[in-house]
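The values are calculated or read from the model by the stated rules, or taken from the named source; none is laboratory data. What you see is a predicted model; the values in this text were computed from it and never measured. Glycine also receives a Cβ, built like all others from the backbone with ideal geometry; neighbour counts cover every protein chain displayed. To get the accessible areas, we keep the full protein, side chains included, count just its heavy atoms, and leave off ligands, DNA and RNA. Shrake-Rupley method; radii C 1.70, N 1.55, O 1.52, S 1.80 Å.
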Amino acid sequence: MTTVATPLDAPAAPKQASRPFFSFHLALAAVLAMWVFFFCAKSVADPDVWWHIKNAQYLLTQHKFLRVDMYSYTVFGTPWIDHEWLSEIPFYLVWKAGGLYGLYLFYWVLVEGVIALLFYLAYKASGNVKSAFVASALGAVLAVVNFGPRNILFGWAYLMVLLLIMLKYRREGTAPLWVIPLLFCVWVNSHGSWLIGLIVFGIIFGSGIVSGTWGKIEAIRWSPRQIKELIATAAASIAALFVNPY
């Protein structure tokens, strides 16, 4: 004798655990992007971008690095270091390909990328998307002075990557630390803010040398293995700073 299953006999459909595509997180990210665009909706009239573009043009056409001042009238020929040569190349290439519009679009994408990384970092650190949004929005206001086709944007992007790696290492005890020396190698050839990155690395490392609790401040000591790995990373990062044409 056969029986026909009724709807009550049928297994329950699995609940949808995934979030909708237009989630609250994505909505806040979109609002943050528009907030950043509001501050970027200006011009590309930065006082430094044009001689940076000229430097890159010289490098790519003459195939040699600048070593003397070619622009000043009174100190022409004085020894000089173009320590931002690597970050100058993208600005020159986008200007050559797209002119002023290309230059504006490139710097706007850079700024949006930096603030997006800040938003993600704040969210990972706090676990609260609303707090991350507020912190990132305020951070964008403080960073407005650097908005424009400026080489320092690469430095801030590198800093975000460094902080994300160190946060992962602090939380999980493991992270791709091998990326950090490579990061400093690129950083030292892109912008002088590499020194800030080195100081930040030292502060995070030093915060794990001691352990204790002071109110809401808590310090957790690194394990002996982590200390060895961080010392090796610091040594490799310092050595990487000397990998430059000067």
*Restricting the search to segment 92-138, which residues are open to solvent by 30 Å² or more (accessible area, probe 1.4 Å), over 19 Å from L162 (Cβ atoms) and of a type in the set (S, T, Y)?*
Y101, Y104, S131
_Give all pairs with beta carbons closer than 9 Å in which a residue from segment 49-65 that is over 18 Å from S190 (Cβ atoms) meets a residue that is aliphatic (A, V, I, L, M); count only pairs at least 6 apart in sequence or on separate chains._
none
*asked:* All but one of (1) in contact (Cβ under 8 Å) with a residue 24 or more places away in the chain; (2) more than 19 Å from the chain's Cα centre (by Cα) hold for K216; state the number of the condition that does not hold.
replied: (1)
*Identify all residues within segment 34-84 that are closer than 16 Å to L153 by Cβ and either acidic (D, E) or in contact with a Pro (Cβ under 7 Å, 6 or more places away or on another chain) (or both); write none if there are none.*
V44, D46, D48, V49, E84
*Odd one out for V31 among (1) loosely packed, with under 14 Cβ neighbours inside 10 Å; (2) assigned to a loop (DSSP other than H, G, I, E, B)*: (2)
